[in-house]
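A.B. asks: Supplied in structure tokens, the structure appears directly below.
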Amino acid sequence: MTQEDIGGQRLGIVVSGSLNKGIEVKLHSSASVEDMAVGRYVTIEGNKRRFFGMITDISLGVIDQKLTLTPPDVSDPFMAEVLAGTSTYGTLHVLPTLTISGDATSLLEGPQPVKTVPSHFSAVNLASQRDVELVFGSEDEKKFYIGTPLDMETKICLDLPELVKRSNGIFGKSGTGKTFLTRLLLIGMLQKGTAVNLVFDMHSEYGWESRSEEGRKVKALKQLFPSKVAVFTLDEEGSRRRQVSTDFVVRIGYDEIEPEDMVLLRQTLNLTEPAVEAVYQLSRRFGKNWLQSSLDLKDSEETRELLKEMSIHESTYQNLQRGLATIRRLPFFIPHTLDNPVKRILEYLDQGINVVLEFGRYTDITAYILVANLLTRRIHAQYRERMEKAIGEDIALPHPLVITIEEAHRFLNPELASQTIFGIIAREMRKYNVTLLVIDQRPSGIDSEVMSQIGTKITCLLDNERDIDSVLAGVSGKSELKSVLSRLESRQQALIFGHAVPMPVVVRTREYGSPESYKDFIPGGEAEIRKQAEKDIEELWE
Amino acid sequence: MERVGEVIEASTTGFVAQCYELYQSPPLGSLVKTRDLPLELYGIVYNATTTSLEPGRRPIARGKDEASEEEIYKSSPQLLQLLRSEFSALVVGYRENDKLYHYLPPKPARIHGFVHLCPPGEVKEFSQSFDFLNILINTHLPVPADELIAACLRQMSQVYEDPHPFLVVAGKELAILLSGEFNQLKAILGRIRTS
Ligand SMILES: Nc1ncnc2c1ncn2[C@@H]1O[C@H](COP(=O)(O)OP(=O)(O)O)[C@@H](O)[C@H]1O
Ligand SMILES: [Mg+2]
């Protein structure tokens, strides 16, 4: 009775549904509910068009409620076999998202968003590899292979030029694969040359080798693409110990810290509201050197006079001093620098070279927020200036820039989102050719307006209800996607939806970290590395 | 093809045939056919009787002094002439121009039409469609429908090398037709299960 057709395995027929809520499919008796899985793709053969959709729920039904009250004897195999699919049946809930077909015009136009539902009793099949390819396209100079759909070998590809037009987010609780996904995406952007990246690498995982949770060494960007990546470090000693080939050691002068930076640090430095106010007053008073000057203030009558003059309360002053001392303890902050890290970063970016800034042992959130914010503000200002100039003088625009930040909710929470440079970048879309790649394990901490501006969301497993809600806010088919999202495997699986994909998709993330995996990323040209990859594979066998 | 009788009464929905030999009625639920060219009518045997030839005169008990039942017939050979066996069939389809239809024919069977038991090949052909089950379920007969349906499916299944798949498909068809009447379904399934 099984009916195989060219499309894929026959699953059942459409029995009811709506465009908004999705379609109910009665499972054919030859298809077992236990073989189904949410997140799988199906095609629906309507009378006039083919629909493409995703299974979002699976349920059991009986024709006669009496059956549930006096269940038949299913230990009788004959009884069980007869009842399966007739008196008792499985139903699938399918969210149709696209219409596809093989004819010439639709091949040109590609899959279209659904505007209607398939008619009653249309046949539903498991999507074939070809169908999936038709929808997600295959790898090419723009499309980057990010993973495979559940139970399929087909490649799911992201349209990278489309992706970098907006800010994007990678979410998931700790240990689900965010870092691995980010590495892949960065490689994709680098390979397809769609954008240059500036990565604020809190845990030093993107520039150079680090260890996976299993303790395996995992290579990072600079090792795979030495000519296209520069590693900057805040922790020279640490980087040297890890034998990272660094390009620049970042030092930041006190005179580069502006009052706005202190606003961001309010929470992490435990500053009071008046203490932040005091920073502005001090900077008005001392100018660019306010921090050094404040640190230099002696415990003297003179100082007390000064504070009184600015009406800064003694306890406020103490509070601020404690905060500033924390900053002073970070060795990469020095009173004054000769070299300018912003200038250096821009030099690389202008040549199309990606910059990864390693934080080394300074994984403290204060350092991260301060440095990321400070550098980004300046770089953004430069981009802004250049964009305006480029448009005015009709010259080439600067390379699109993607800035990667981790712990994004620290920058983009509702309290700060309107004030920080990151909030501004997220909201202005690509006005100045700068977008964000935010990585976070607590997306509910991110301002909802910022969330709504995120073009493509890639989310691994989340188990906190509020996090799930915030990631899915405003997405059509939210409740269906919710059930898909909360059932992802605990690592290396992700739900991708938004701008860069034609429809929401669950993928098993592409393998990263094995010698074979590196080989696939390295373009034929970089023979040296290719050889190294081959050597690495060899070594596995020794 | 085995000839089992001759039509002696006919209506749109069924016919009654008299057996040529006493007690030689085809089994309950078997598929029989009678010809009325260009049609061939198919029926399912749902009842069989053996009665006195003369209406109103009932046989009387005769075996009191006989050693066995056989002896009764031996000592009164005329008995066989005084009794007759008949069977009734429900019309479930017909064939015209080599095409099978699983619904009622345009006209009833002809009196004196010969009735044949369908050979296995023809049973197989006829049972490719289960549309006739609907007729069995919906006709009021002197025998319980559950019994008749089960008997019929058992009969048909015997022409298959492996009766199981046939019975499963038939069971599924019944499950759909009898949705809402689970007890009846259960009764029939219990009567056709193979093991
Ligand atoms: N694409 C992948 N290929 C290989 N292993 C992966 C992949 N994604 C996740 N893993 C495994 O899961 C672990 C956790 O992933 P990681 O990216 O460090 O999680 P997170 O950054 O979300 O805490 C990794 O150490 C690795 O073993
Ligand atoms: Mg991580």
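The values are calculated or read from the model by the stated rules, or taken from the named source; none is laboratory data. None of these values were measured; they are calculated from a predicted model. Cβ: placed from backbone, ideal geometry, glycine included. Neighbour counts: every protein chain shown. The area values use the complete protein model at the heavy-atom level, side chains included, leaving out ligands, DNA and RNA. Shrake-Rupley method; radii C 1.70, N 1.55, O 1.52, S 1.80 Å.
A.B. asks: Return the total of residues in the stretch A:47-87 being open to solvent by 20 Å² or more (accessible area, probe 1.4 Å) and away from every other protein chain (no Cβ under 14 Å).
C.D. replies: Number of matching residues: 8.
A.B. asks: Find the helices (runs of 4 or more DSSP H) located wholly in the stretch A:216-328 whose residues include 2 or more that are away from ligand 1 (no atom under 16 Å from the Cβ), closer than 27 Å to A:Arg377 by Cα and under 26 Å from the mean Cα position of the chain (by Cα), and list them.
C.D. replies: Working: elements: A:221-224, A:236-241, A:259-264, A:266-269, A:273-286, A:290-296, A:301-309, A:314-328.
Hits in the stretch A:216-328: A:259-264, A:266-269.
A.B. asks: Of all the residues that make up the stretch B:10-31, how many are buried (at least 19 other Cβ atoms within 10 Å of the Cβ) and part of a loop (DSSP other than H, G, I, E, B)?
C.D. replies: 6
A.B. asks: Have a look at A:Glu273, A:Glu302 and point out the one that is open to solvent by 70 Å² or more (accessible area, probe 1.4 Å), farther than 17 Å from A:Ile369 by Cα and at pLDDT below 85. Steps first, answer last, please.
C.D. replies: Working: A:Glu273 fails: at pLDDT below 85.
A:Glu302 is the lone residue from the list that is open to solvent by 70 Å² or more (accessible area, probe 1.4 Å), farther than 17 Å from A:Ile369 by Cα and at pLDDT below 85.
A.B. asks: What number of residues in the stretch B:102-116 are open to solvent by 90 Å² or more (accessible area, probe 1.4 Å) and under 23 Å from B:Arg3 (Cα atoms)?
C.D. replies: The initial filter retains those residues of the stretch B:102-116 that are open to solvent by 90 Å² or more (accessible area, probe 1.4 Å), namely B:103, B:106, B:110, B:112.
Next, only the ones that are under 23 Å from B:Arg3 (Cα atoms) stay: B:110, B:112.
Within the stretch B:102-116, residues that are open to solvent by 90 Å² or more (accessible area, probe 1.4 Å) and under 23 Å from B:Arg3 (Cα atoms) number 2.
A.B. asks: Among the residues of the stretch A:408-430, write down those that are more than 15 Å from A:Leu370 (Cα to Cα) and surrounded by fewer than 21 Cβ atoms within 10 Å (Cβ to Cβ).
C.D. replies: A:Asn413, A:Pro414, A:Glu415, A:Ser418, A:Ile424, A:Arg427, A:Glu428, A:Met429, A:Arg430
A.B. asks: A:Pro259 is checked against (1) open to solvent by 60 Å² or more (accessible area, probe 1.4 Å); (2) free of Cβ contacts under 8 Å to residues at least 40 places away in the same chain and fails just one. What number does that condition carry?
C.D. replies: With respect to (1) open to solvent by 60 Å² or more (accessible area, probe 1.4 Å); (2) free of Cβ contacts under 8 Å to residues at least 40 places away in the same chain, A:Pro259 is out only on (1).
A.B. asks: Okay, next question. I'm told B:Glu125 meets every condition in (1) under 18 Å from the mean Cα position of the chain (by Cα); (2) open to solvent by 60 Å² or more (accessible area, probe 1.4 Å); (3) within 14 Å of chain A (Cβ to nearest Cβ) except one. Can you identify the failing condition by its number?
C.D. replies: (3)
A.B. asks: Find all pairs meeting these conditions: Cβ atoms under 6 angstrom apart; at least six residues apart or on different chains; first residue within the stretch A:309-335 and closer than 30 Å to A:Gly360 by Cα; second residue open to solvent by 70 Å² or more (accessible area, probe 1.4 Å) and not hydroxyl-bearing (Ser, Thr, Tyr).
C.D. replies: Once the first residue is closer than 30 Å to A:Gly360 by Cα and sits in the stretch A:309-335, its partners that are open to solvent by 70 Å² or more (accessible area, probe 1.4 Å) and not hydroxyl-bearing (Ser, Thr, Tyr) give A:Phe332/A:Arg251; A:Ile334/A:Arg251.
A.B. asks: Moving on to the next point. Of all the residues that make up the stretch A:148-173, how many are open to solvent by less than 20 Å² (accessible area, probe 1.4 Å) and under 14 Å from the mean Cα position of the chain (by Cα)? Break it down into steps so the answer makes sense when it comes.
C.D. replies: If we filter the stretch A:148-173 for residues that are open to solvent by less than 20 Å² (accessible area, probe 1.4 Å), which is where we start, we get A:149, A:154, A:156-158, A:160, A:163-164, A:167-172.
If we keep only those that are under 14 Å from the mean Cα position of the chain (by Cα) too, we end up with A:158, A:160, A:163-164, A:167-172.
The total comes to 10.
A.B. asks: Any chance you could count how many residues in the stretch B:170-184 are within 7 Å of chain A (Cβ to nearest Cβ) and either in a helix (DSSP H, G or I) or at pLDDT 90 or above (or both)?
C.D. replies: Narrowing the stretch B:170-184 to residues within 7 Å of chain A (Cβ to nearest Cβ): B:171-172, B:175-176, B:179-180, B:182.
Those left that are additionally either in a helix (DSSP H, G or I) or at pLDDT 90 or above (or both): B:171-172, B:175-176, B:182.
Going through the stretch B:170-184 one residue at a time, the tally reaches 5.
A.B. asks: Please verify whether B:Leu153 is closer than 18 Å to B:Pro27 by Cα, at pLDDT 90 or above and surrounded by 15 or more Cβ atoms within 10 Å (Cβ to Cβ), treating the condition exactly as stated. Can you show your working first?
C.D. replies: Values: closer than 18 Å to B:Pro27 by Cα: yes; at pLDDT 90 or above: yes; surrounded by 15 or more Cβ atoms within 10 Å (Cβ to Cβ): yes.
Yes.
A.B. asks: Taking B:Tyr46 as meeting all but one of (1) in contact with a Phe, Trp or Tyr (Cβ under 6 Å, 6 or more places away or on another chain); (2) open to solvent by less than 70 Å² (accessible area, probe 1.4 Å), write down the number of the exception.
C.D. replies: (1)
A.B. asks: Another question about this same structure. Being within 16 Å of ligand 2 (Cβ to nearest atom) and assigned by TED's automatic domain parsing to the domain that holds A:Val438, is that true of even one residue in the stretch A:331-350? Steps first, please.
C.D. replies: Here is the first cut: in the stretch A:331-350, the ones within 16 Å of ligand 2 (Cβ to nearest atom) are none.
Scanning the stretch A:331-350 turns up no residue that is within 16 Å of ligand 2 (Cβ to nearest atom) and assigned by TED's automatic domain parsing to the domain that holds A:Val438.
A.B. asks: Follow-up. Regarding A:Thr366, is this residue under 21 Å from A:Leu190 (Cα atoms), open to solvent by less than 20 Å² (accessible area, probe 1.4 Å) and outside the structural domain of A:Leu291 (by TED's automatic domain parsing)?
C.D. replies: Details: under 21 Å from A:Leu190 (Cα atoms): no; open to solvent by less than 20 Å² (accessible area, probe 1.4 Å): yes; outside the structural domain of A:Leu291 (by TED's automatic domain parsing): yes.
No; evaluated as a whole, the condition is false for this residue.
A.B. asks: Inside the stretch A:133-187, can you point out the residues that are within 11 Å of ligand 1 (Cβ to nearest atom) and basic (Lys, Arg)?
C.D. replies: If the condition is that a residue be within 11 Å of ligand 1 (Cβ to nearest atom) and basic (Lys, Arg), then A:Lys173, A:Lys178, A:Arg183 are the ones that fit.
A.B. asks: Identify the residue in the stretch A:203-215 that is within 14 Å of ligand 1 (Cβ to nearest atom) and surrounded by 23 or more Cβ atoms within 10 Å (Cβ to Cβ) and, among all such residues, is nearest to A:Val164 (Cα to Cα). Write out each step before concluding.
C.D. replies: Residues of the stretch A:203-215 that are within 14 Å of ligand 1 (Cβ to nearest atom), as a first pass: A:203-206, A:209-215.
Subsequent filtering for residues that are surrounded by 23 or more Cβ atoms within 10 Å (Cβ to Cβ) retains A:204, A:206.
On the way: A:Ser204: 23, A:Tyr206: 19 Å.
It comes out as A:Tyr206.
A.B. asks: Among (1) within 23 Å of A:Ser204 (Cβ to Cβ); (2) buried (at least 16 other Cβ atoms within 10 Å of the Cβ); (3) not assigned by TED's automatic domain parsing to the domain that holds A:Ser245, which single condition is A:Val371 missing?
C.D. replies: Answer for A:Val371: the failing condition is (3).
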